[in-house]
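Engineer: Before I ask anything, let me first share the structure, which is written out below as structure tokens.
Quick note: the coordinates plus some simple rules give every number you see, no bench work behind them. These numbers were taken from a predicted model, which means no experiment stands behind them. Virtual Cβ from ideal backbone geometry, glycine too; neighbours counted across all protein chains shown.
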Number of protein chains: 2
Amino acid sequence: MTHPSPTVTTGPLPASRRVWHAGVLHPDIRVPLRAIDVHPTAGEPPVTVYDSAGPYTDPDADIAIERGLPRLRDAWIAARTDTEPYDGRHVKPEDNGFADGERLTPEFPVRHQPRRAKAGRAITQLAYARAGIVTPEMEFVAIRENLGRQAAKHALDRDGEAFGAAIPDHITPEFVRDEVARGRAIIPANINHPEAEPMIIGRNFLVKVNANIGNSAVTSSMAEEVDKMVWAIRWGADTVMDLSTGRNIHNIRDWILRNAPVPIGTVPLYQALEKVGGVAEDLSWEVFRDTLIEQAEQGVDYFTIHAGLRMHMIPMTIDRVTGIVSRGGSIMAKWCLHHHKESFLYEHFADICDIARAYDVSFSLGDGLRPGSIADANDQAQFAELETLGELARIAWAKDCQVMIEGPGHVPMHKIKQNMDKQLAVCGEAPFYTLGPLTTDIAPGYDHITSGIGAAMIGWFGTAMLCYVTPKEHLGLPDRDDVKVGVVTYKIAAHAADLAKGHPAARIRDDALSRARFEFRWEDQFNLSLDPDTARSMHDETLPNAAHKTALFCSMCGPKFCSMRISHDIRAEAQKEGMAKMAERFRDGGSLYVPLEEAE
Amino acid sequence: MTHPSPTVTTGPLPASRRVWHAGVLHPDIRVPLRAIDVHPTAGEPPVTVYDSAGPYTDPDADIAIERGLPRLRDAWIAARTDTEPYDGRHVKPEDNGFADGERLTPEFPVRHQPRRAKAGRAITQLAYARAGIVTPEMEFVAIRENLGRQAAKHALDRDGEAFGAAIPDHITPEFVRDEVARGRAIIPANINHPEAEPMIIGRNFLVKVNANIGNSAVTSSMAEEVDKMVWAIRWGADTVMDLSTGRNIHNIRDWILRNAPVPIGTVPLYQALEKVGGVAEDLSWEVFRDTLIEQAEQGVDYFTIHAGLRMHMIPMTIDRVTGIVSRGGSIMAKWCLHHHKESFLYEHFADICDIARAYDVSFSLGDGLRPGSIADANDQAQFAELETLGELARIAWAKDCQVMIEGPGHVPMHKIKQNMDKQLAVCGEAPFYTLGPLTTDIAPGYDHITSGIGAAMIGWFGTAMLCYVTPKEHLGLPDRDDVKVGVVTYKIAAHAADLAKGHPAARIRDDALSRARFEFRWEDQFNLSLDPDTARSMHDETLPNAAHKTALFCSMCGPKFCSMRISHDIRAEAQKEGMAKMAERFRDGGSLYVPLEEAE
């Protein structure tokens, strides 16, 4: 095995600039947004959108993967004086699956000393929020969520059905604090991952998207995974989960974390299983605990913990069409059966919280019994586990830990809302984080679409973050192209959900793009889209000439049949004549036909 | 311009056979279904699915594009003795846009004499249904909709929310007749298109998908369009609309019709506009009428008629973000403004019905004012036109004409149901036929997905047929690959809708595929999917060896982490121990944690 130095995609998206908004409470913070410039003929300001891409799209940023990103939050964390650096755990051979020599992925070249809470100090964003402290992280996300718009400017445009969500016209730092304090939102921000730009996950904020990447025993390498991470956030992923299995997990994760401007999540169980040679029965609390500390020191921002799967639920899965499809769930079920006792994740959940709170690692409580097929949706096993997840969320909160809840899976449309409603009812409004759900099982190869449908709907109903599904789901590991298609599909789902919830700023981009479309500003239409490169290249397949970019017609219809061109003529004619007069003349246009009832 | 002889894709889909079910009332009819064989180890019968692909997937069929398909319904039509052949209209130079010499697409080699109703006879499926006659077409679709299943076999599995739709456990020919008689369903079946295999569009039947193809002034040719038609139905399109503009419209349509086993729809206005040189103001009832007869004689099964756009609605569009985006709507609006009078489509709608009823051409009443952006959704203009479409539907019914209603367009999720409910309320339950709707404007290049979300939802709410949107929407004309992606995406949406409505047979395929997935029958998983070729090739990218097709793990996780493999181990262990005993032992597994309330 060779170890190519990672190369990643950099440079701005078309017509886009990274712009910065300063804090007020914390004047030293600079919150990045993306401004998309439109053509001067539009007479419109740039459209400001959320920017998850980090420094990679900033032409002024000095990117060096071997050095890692600037440590944005270092000063904020140090200023709080409630944490301290310490020596930390030493990397052990099993951390990398005993890989050595050529098979060992090189260590990340720079080593930072880990920090943890000072004894007796509660250093989580939840603890601060409860204490009434508005942290720089909270002000950062408040500014970020407002997308640069002024307070009440779009307040009159509110239009949506929010199903009980309460998104204010303007997000204040105090609102962020309050939502975090209530447990309705989390800011995943491990103190050992200061490179990350703070973001928030909650029902009263923009719907977020997670992208999964990860090495496996079968394929892939560190350089590819770093590249996929940067690629995923370029297209809008808000967090990235590193689901690596196989060898080199520790070192790959270090490369990813040191270069990730978004929170990184993991499933620590995967690495723990590698440490015991892949034998589920050999897992133990000690190995797992050691893995949690290892990953917390590296800076993992949230852990998926499958602590909700309890012994009495296992028989509930026996008659399922697809049994247990969660990897974590199946591993723990096997462990429970073998040892004839409740899982160490469940038994030690309070201990797990103690570790997480020392670093502010958030929890994503895993749905080990999520349905893997339409037939198994919303069954007894799934909902029994969900109730336990609610129980665990309350324990996490009692320990000052931030927590979200994972959800399905495969669910037909008519059962999606029941999932959301049940989650809200039994999990105390902890943010919901769902995989899809897939609305049918019959389209492997297109499961980004089968699940994008379900994701848009459950996002509308209140899910805070959508875990993407790529076209390769059920078939193989996503490559770079799959990652992009998955992210863009889920950005569509998240945005459709924001629109339907009536988010006060969501429609700004739709309207700007639609105006560009109606005014034949082709370049603006491309630049305002989620994927300008694809939009432009598809247009150019039919009409490649630059002249056509200013053409007053679409390539679909040609000039004669262009409805929008004709519509402009109509508008011009109507304006010439005076709309009021015209409307009046048409208002009572007589019907040639008899009233409906008589015609029958 | 050269005229390559059309070549189309033939041959069965993997592991699939065309199977035939005979009629009872009409023993001579043979209804095609597709049987997908599964591996003998499954111990399961073949899975029978709807088959829209026509003879092209039948290895025994003798396909010759220059000769056209067998004229399946000729004998049925002749046996009714209420129609007669006649000389028909002569093809005029303007029918092909005055194309000549090398620019003229050759005529279809075989000419069939057109038929029409004998004087005073009502020959539409609606007229027969009202007269209590169960036609061969009705029995054909009844058998087709049942997918070969027995009457009550799956009746116990009913699970869904149908929003007032009433899908019976078993579709009888009498049920079909009744639905057609009520106007709740249509069987688009021009007597001059006897090549088509009858199908039905209605809320109480499987949700259908339409694919648009068509030449434009800018690009494409006859051979490409015939190929796209066959390609679209191979992947499941139930009807195809030929939206050709530019030259050669007449001849291209003949090639398509003579080779189409599915109903073909058109927008006659497009050809009429070509006949007057593309000048909307020069359109007249005479030119339009002549075009209707031309197309009815050729065999077009349904006409989109934009008769609902009335003068007083035009001012309602002036403040829209995207004005009028329907081509037909914009053309007619321009005509109305220029002539300062109601459109000839509206004024002559009764005359249009008289033409359509002589051939049994169904109507798709066009939504000329459908919203072209999120901002314009559900506005006054859209709903005013919808009410007029309801008025026109009643006129069509009074004339024994079959009719469906077109719907939007661009609609955010929270406004989709309102569309469906309004359509049901004002259009007397005539089938709804929607384009998408797109749930956001910001993703050109991915509008199959933005609209697939809306299509699945509106299909669930009651839309009978979904008009596909391809990735090229707003950007260019779809090529062959786009057509496939569009069709498969919409088959997903339609199937997700059938599942959510609780269609009694919909889950059979999901369950069979999921069982195959759980049992690592990889080939079955591919073969049962909507697109076996893509599923197989994606799998093979990661694990190309044939041996891996029987591997007891997925390429995502490798053997150690395969949840389904572990799930099998669990099942085996559980069965060894005896499930009842195990369940009992686990049932009361004590909680380590205090009850929820106390933990807070």
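Engineer: Under a point spin-label approximation (7 Å from Cα along Cα-to-Cβ), what is the B:LYS92-B:TRP20 distance to one decimal in nm?
Structural biologist: Going from the B:LYS92 label point to the B:TRP20 one covers 4.3 nm.
Engineer: Mind putting together the pair-distance distribution for region A:421-532? All Cα pairs, 10 Å bins, whole percent per bin, short to long.
Structural biologist: Pairs per bin, as whole percents: 15, 36, 32, 15, 2, 0.
Engineer: Separate question: Could you work out [θ]222 nm for chain A from helices alone, using -39500 (n - 2.57) per DSSP H run of at least four and dividing by all its residues? Round to the nearest 500 deg cm²/dmol.
Structural biologist: It lands at -11500 deg cm²/dmol.
Engineer: Then there is this: Using θ = phi - 60° and the Karplus form 6.51 cos²θ - 1.76 cosθ + 1.60, what ³J(HN,Hα) does each residue of region B:99-112 get, whole Hz, x for Gly and Pro?
Structural biologist: 5, 8, x, 5, 7, 8, 5, x, 4, 5, x, 10, 10, 10
Engineer: Got a sec to turn the phi values of region B:263-271 into Karplus ³J(HN,Hα) couplings, 6.51 cos²θ - 1.76 cosθ + 1.60 with θ = phi - 60°, whole Hz, x for Gly and Pro?
Structural biologist: Going residue by residue, I get x, 10, x, 9, 10, x, 4, 4, 5 Hz, with x marking Gly and Pro.
Engineer: Any idea what angle helix B:480-501 forms with the longest principal axis of chain B, computed on alpha-carbon atoms, 0 to 90 degrees, nearest 10?
Structural biologist: 70 degrees
Engineer: Can you tell me the 0 to 90 degree angle between the C-alpha axis of helix B:173-182 and the longest principal axis of chain B, rounded to 10?
Structural biologist: 50 degrees
Engineer: Pop the C-beta distance of A:ASP62 and A:GLN575 into the FRET formula with R0 = 41 Å and round what comes out to the nearest 0.05.
Structural biologist: Here the calculated transfer efficiency is 0.20.
Engineer: Once you have the Cα-Cα distance between A:ALA35 and A:ASN545, take 0.36 nm times their residue separation minus that, and quote the gain in nm to one decimal.
Structural biologist: Value of the extension gain: 180.9 nm.
Engineer: Which FRET efficiency, nearest 0.05, do A:ILE133 and A:VAL276 yield, Cβ-Cβ r, R0 51 Å? Before the final figure, lay out the partial values.
Structural biologist: Numbers: r = 41 Å, r/R0 = 0.81.
Efficiency, rounded to the nearest 0.05: 0.80.
Engineer: Output the relative contact order of chain A, whole-number percent, from Cα pairs under 8 angstrom with separation of 6+ residues. Provide the component values of the computation, followed by the final result.
Structural biologist: Working: 1203 pairs, mean separation 86.5, N = 600.
Taking the mean separation of contacting Cα pairs over the length of chain A, I get 14 percent.
Engineer: So which aspartates and glutamates pass the test for B:LYS501, namely a Cα distance under 12 Å, with those fewer than 8 places away in the same chain ruled out?
Structural biologist: Within reach: B:ASP159, B:GLU161.
Engineer: How far is B:PRO85 from itself in the other copies, in nm, if each label sits 7 Å out from Cα along the Cα-Cβ line, shortest first?
Structural biologist: Inter-copy label distances (nm, one decimal, shortest first): 9.5.
Engineer: Now a separate question. Using Cα-Cα distances under 8 Å and only pairs 6 or more residues apart, what relative contact order does region B:308-462 have, in percent?
Structural biologist: With pairs under 8 Å counted, the relative contact order is 22 percent.
Engineer: Just the projected area, averaged over all directions, of the convex hull on the alpha carbon atoms of region B:48-158: how many nm²?
Structural biologist: Projected over every direction and averaged, the Cα hull of region B:48-158 covers 11.9 nm².
Engineer: What FRET efficiency comes out for A:ALA42 versus B:ARG121 if R0 is 60 angstrom and r is the Cβ-Cβ distance? Round to the nearest 0.05.
Structural biologist: About 0.50, to the nearest 0.05.
Engineer: Kirkwood Rh, region A:232-361, all Cα pairs: how many Å?
Structural biologist: 15.6 Å
Engineer: In the structure shown, do any of A:LYS576/B:LYS341; A:LYS484/B:LYS491; A:LYS208/B:LYS417 have a Cα-Cα gap over 20 Å, and if so which?
Structural biologist: A:LYS484/B:LYS491; A:LYS208/B:LYS417
Engineer: Once amide H atoms are placed 1.01 Å from N in the peptide plane, what residues at a sequence separation of 5 or more from B:VAL19, or on another chain, have their amide H within under 5 Å of its amide H?
Structural biologist: B:LEU33, B:ARG34, B:ALA35
Engineer: Which listed residue (A:SER362, A:SER326, A:LEU147) has the Cα farthest towards the positive end of the charge dipole for chain A, taking +1 on Lys and Arg C-beta and -1 on Asp and Glu C-beta about the Cα centre?
Structural biologist: Value: A:LEU147.
Engineer: Tell me, what HN-Hα J-couplings in whole Hz come from the Karplus equation 6.51 cos²θ - 1.76 cosθ + 1.60 at θ = phi - 60° for each residue of region A:275-283, using x for Gly and Pro?
Structural biologist: 3J(HN,Hα) across region A:275-283, in whole Hz: 5, 9, x, x, 9, 4, 4, 7, 5.
Engineer: Considering the dipole of chain A built from charges on the beta carbon (Lys and Arg +1, Asp and Glu -1) around the Cα centre, which of A:HIS448, A:SER221, A:ALA296 is farthest to its positive end?
Structural biologist: So the residue furthest toward the plus end is A:ALA296.
Engineer: Between A:GLY407 and residues 5 or more places away or on another chain, which pairs have amide H atoms under 5 Å apart, with H built 1.01 Å from N, and which residues are they?
Structural biologist: A:TYR433, A:THR434, A:LEU435
Engineer: Here's another thing I want to ask about it. Among DSSP beta bridges lying fully in the protein assembly as shown, give the percent that are antiparallel, nearest 5.
Structural biologist: Here the share of antiparallel DSSP bridges comes out near 40 percent.
Engineer: Could you give the spread of the C-alpha atoms of region A:351-427 along their three principal axes, from largest to smallest, in whole angstroms?
Structural biologist: Sorted largest first, the three principal extents are 41, 21, 17 Å.
Engineer: Over 10 Å intervals from 0, what percent of Cα-Cα pairs in chain A sits in each interval?
Structural biologist: Calculated over all Cα pairs of chain A, the distribution is 3, 16, 27, 26, 15, 7, 4, 2, 0 percent.
Engineer: At most 14 other Cβ atoms within 10 Å and a DSSP loop assignment: could you name the trypsin sites (Lys or Arg not before Pro) in region A:332-365 that fit?
Structural biologist: Numbers: sites: A:LYS334, A:LYS341, A:ARG357; in loops: A:LYS341.
Passing both the DSSP loop test and the Cβ count: A:LYS341.
Engineer: Here's another thing I want to ask about it. Over the protein assembly as shown, with a single point scatterer placed on each C-alpha, what log10 of the ratio I(q)/I(0) does the Debye formula yield at q = 0.07 1/Å?
Structural biologist: Ignoring solvent entirely, the Cα scatterers give -0.67.
Engineer: Oh, and also: Helix B:349-359 sits at what angle to the longest principal axis of chain B, using alpha carbons and giving 0 to 90 degrees rounded to 10?
Structural biologist: With rounding to tens, the tilt is 70 degrees.
Engineer: Now for a different question. Cα-based Rg of region A:159-257 per 2.2 N^0.38 Å, rounded to two decimals?
Structural biologist: Relative to the 2.2 N^0.38 Å estimate, region A:159-257 comes out at 1.33.
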